[in-house]
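The structure appears below as structure tokens.
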Amino acid sequence: MNIAVFGAGHIGLTTSLCFAELGHQVMTLDIDAEKIKNLQSGITEIYELGLKELLTTQLAAGTIRFTTDLQKTIAFSDLIFIAVGTPTLPGANCDMQHVNLAVQSITKYASNPKQLVIKSTVPPGTNARFAQIYAHLNHQFIANPEFLREGSALLDCRKPDRAVIGTLDPAHIQNLRVLYQPFLNTQADFLVMDPTSAELTKYAANAMLASRVSLMNEFSKICEKVGADIDCLRTGIGADQRIGTQFLKAGIGYGGSCFPKDIDALIQFAECQNVEVPLTKAIRSANDHQLMDFKNKIVSHFSSRELEKRVAIWGASFKPETNDLREAPALKLVQGLLVEGFAIQIYDPVSQPALKLCFKDEPKVQVFENQYQALSKAEALIIATEWPQFIGADLAHVKQKLNSAVIFDGRNIFSKAQMEKHQFMHYPVGRGPCAQS
Ligand code: UGA
């Protein structure tokens with residue numbers, strides 16, 4: 001199959017490479033000429049396990065091409081995937097300009113009817129609207145929301161739980177069936193529905209996952225108050241097969257380019273439809289509170305002692321195995337601590353260049369290239385992202401580098417036993433502090 005992908009971002013690039021890996025001919029288009037030039041040479045700024053290697057092998061195999069040439073891409077393709085960004089506009093509406101532009105260009109230049117498959121996260125009703133506007137051109141508009149996660153994007157793309165296909169005309173999706181079949185466990189995982197339901201499924205999935213995180217974060221506060229352990233709760237409720245074990249880890253809140261944006265967009269969309277969504281709104285405010293409460297714990301520890309307000313932070317990306325800093329709780333925490341007068345020494349395994357840029361005009365934030373050097377003279381260590389190298393840290397060394405043996409463990413990476421053994425004052429989430437003996 002000749003497949004065009006509009007957008008060479010996280011989703012567009014990963015999807016392109018996974019299709020190319022199956023032996024399809026893929027042409028990936030982006031308006032960013034520098035990005036395309038880099039990709040043609042096998043260079044990508046996206047930090048994603050195995051992505052660079054797959055890019056190299058598929059370029060060598062000649063299954064993938066990168067271009068800025070719109071007309072060539074349209075002419076080449078049987079199937080066109082749209083995977084361009086839909087960021088948040090001020091007021092929380094979804095910014096559709098890139099999707100609209102892609103659709104306008106395709107409908108303008110295509111000399112024959114095309115299948116346009118929209119992977120970008122778009123407000124429910126978008127595909128139906130396009131189908132109506134361009135009905136005279138006989139293109140098919142198909143919703144195909146994406147569920148891959150940053151950090152495990154290739155794995156999720158190659159082994160998805162399901163493919164959601166939203167179309168008004170299920171007779172015309174044979175191409176997509178063939179395309180997705182090698183990835184899916186069974187044909188039953190190829191879910192065909194109307195486009196609006198498919199579009200809403202994407203928002204609902206992210207809201208559902210985020211709600212689990214927010215609910216656990218809320219429970220973590222009750223645990224702290226009454227001396228219960230959030231990890232016991234997680235095991236206890238996760239063992240119920242109706243609930244399951246995933247997305248139940250309490251912490252300092254969710255971040256990233258998806259949950260915050262999609263929940264805002266869902267709230268905005270529902271309000272435009274005059275639908276009250278108090279529960280969805282609560283997910284967002286619970287997330288904001290979680291981080292604020294964590295920051296307040298740090299502030300009150302320092303205000304009750306005569307300490308220099310200097311802390312080290314390990315982890316900046318919104319989760320491990322990615323260099324994505326968008327909506328990262330760590331960055332919001334830095335901003336909050338700066339307002340409280342703290343000096344910050346921050347380390348992240350892969351985000352240092354972006355961090356340096358981010359804080360270039362902020363003298364009270366120092367970005368380190370070594371996790372242990374970041375601890376020097378700090379009165380506490382804050383864990384903001386659960387990178388494996390932090391979980392396996394040499395705690396004796398940590399203690400020796402810090403001025404005070406205090407850890408604010410925003411991701412619960414250290415056990416009570418470890419903290420007691422090394423005599424740290426430990427502030428986990430949902431477990432209550434463990435005092436230095
Ligand atoms: C999320 C969804 O999981 C994907 O299915 C979806 O395709 C993607 O958004 C998207 O819409 O494009 P992603 O944002 O990459 O994927 O990351 P997640 O693994 O979902 O984590 C989101 C946030 O929740 C992170 O900040 C993470 O630290 C937090 N989280 C996750 C928790 O705090 N606790 C958990 O138990 C799980």
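A few comments on the model shown:
- When the residues of the stretch 220-247 are filtered to those that are without any contact (Cβ under 8 Å) to a residue 12 or more places away in the chain and in a helix (DSSP H, G or I), the one that is nearest to the ligand (Cβ to nearest atom) is Gly238.
- Residue list for the stretch 355-383, filter: of a type outside the set (Val, Ile, Thr), crowded, with 21+ Cβ neighbours inside 10 Å and more than 21 Å from Gln423 (Cα to Cα): Leu355
- Matching option when the condition is within 23 Å of Thr322 (Cβ to Cβ) and more than 16 Å from the ligand (Cβ to nearest atom), among Leu55, Leu51: Leu55
- Residue within the stretch 343-358 that is on the phi > 0 side of the Ramachandran plot and either touching a residue at least 12 places away in the same chain (Cβ under 8 Å) or out of contact with any His (no Cβ under 6 Å at 6 or more places or on another chain) (or both) present: no
- Cβ pairs under 8 Å, 6+ apart, first in the stretch 31-58 and touching a residue at least 12 places away in the same chain (Cβ under 8 Å), second part of a loop (DSSP other than H, G, I, E, B) and of a type in the set (A, V, I, L, M, F, W, C): Asp32/Ala8; Lys35/Ala8; Ile36/Ala8; Leu39/Ala8; Tyr47/Val350
- Scanning the stretch 221-240 for residues that are under 15 Å from Val429 (Cα atoms) and surrounded by 15 or more Cβ atoms within 10 Å (Cβ to Cβ) yields Lys221, Cys223, Glu224, Ala228, Asp229, Ile230, Asp231, Leu233, Arg234.
- So Leu200, is it more than 26 Å from Ile118 (Cα to Cα), of a type outside the set (Phe, Trp, Tyr), more than 12 Å from the ligand (Cβ to nearest atom) and touching a residue at least 60 places away in the same chain (Cβ under 8 Å): no
- Scanning the stretch 390-437 for residues being farther than 12 Å from Trp314 by Cβ, in contact with a Pro (Cβ under 8 Å, 6 or more places away or on another chain) and within 16 Å of the ligand (Cβ to nearest atom) gives a total of 1.
- Residue match in the stretch 368-379 (condition: over 23 Å from Leu337 (Cα atoms), part of a helix (DSSP H, G or I) and at pLDDT 95 or above): no
- Ile133 meets all of the listed conditions (1) of a type in the set (Val, Ile, Thr); (2) free of Cβ contacts under 8 Å to residues at least 24 places away in the same chain; (3) touching a His at 6+ places or on another chain (Cβ under 9 Å) but one, namely (3).
- Summed over the stretch 128-164, residues that are of a type outside the set (S, T, N, Q), out of contact with any Ser or Thr (no Cβ under 9 Å at 6 or more places or on another chain) and more than 16 Å from the ligand (Cβ to nearest atom) total 4.
- Selected residue (only one of Met208, Met216 is within 15 Å of the ligand (Cβ to nearest atom), surrounded by fewer than 15 Cβ atoms within 10 Å (Cβ to Cβ) and in a helix (DSSP H, G or I)): Met208
- Residues of the stretch 360-400 classified as more than 28 Å from the chain's Cα centre (by Cα) and either on the phi > 0 side of the Ramachandran plot or aromatic (Phe, Trp, Tyr) (or both), total: 1
- Residue check for Val5: in contact with a Ser or Thr (Cβ under 6 Å, 6 or more places away or on another chain), within 16 Å of the ligand (Cβ to nearest atom) and under 30 Å from Glu321 (Cβ atoms): yes
- Pairs, first touching a residue at least 12 places away in the same chain (Cβ under 8 Å) and in a strand (DSSP E or B) in the stretch 380-404, second surrounded by 12 or more Cβ atoms within 10 Å (Cβ to Cβ) and among the acidic types (Asp, Glu), C-beta under 6 Å, six or more apart: Ile383/Asp409
- Search result, residues across the stretch 119-175 that are in a helix (DSSP H, G or I) and buried (at least 18 other Cβ atoms within 10 Å of the Cβ): Thr126, Asn127, Phe130, Ala131, Ala153, Leu154, Asp156, Cys157
- Within the stretch 253-272, tally of residues that are within 15 Å of Pro124 (Cβ to Cβ) and within 8 Å of the ligand (Cβ to nearest atom): 1
The values are calculated or read from the model by the stated rules, or taken from the named source; none is laboratory data. These numbers were taken from a predicted model, which means no experiment stands behind them. Reconstructed Cβ throughout: ideal geometry from the backbone, glycine too, with neighbour counts over all protein chains shown.
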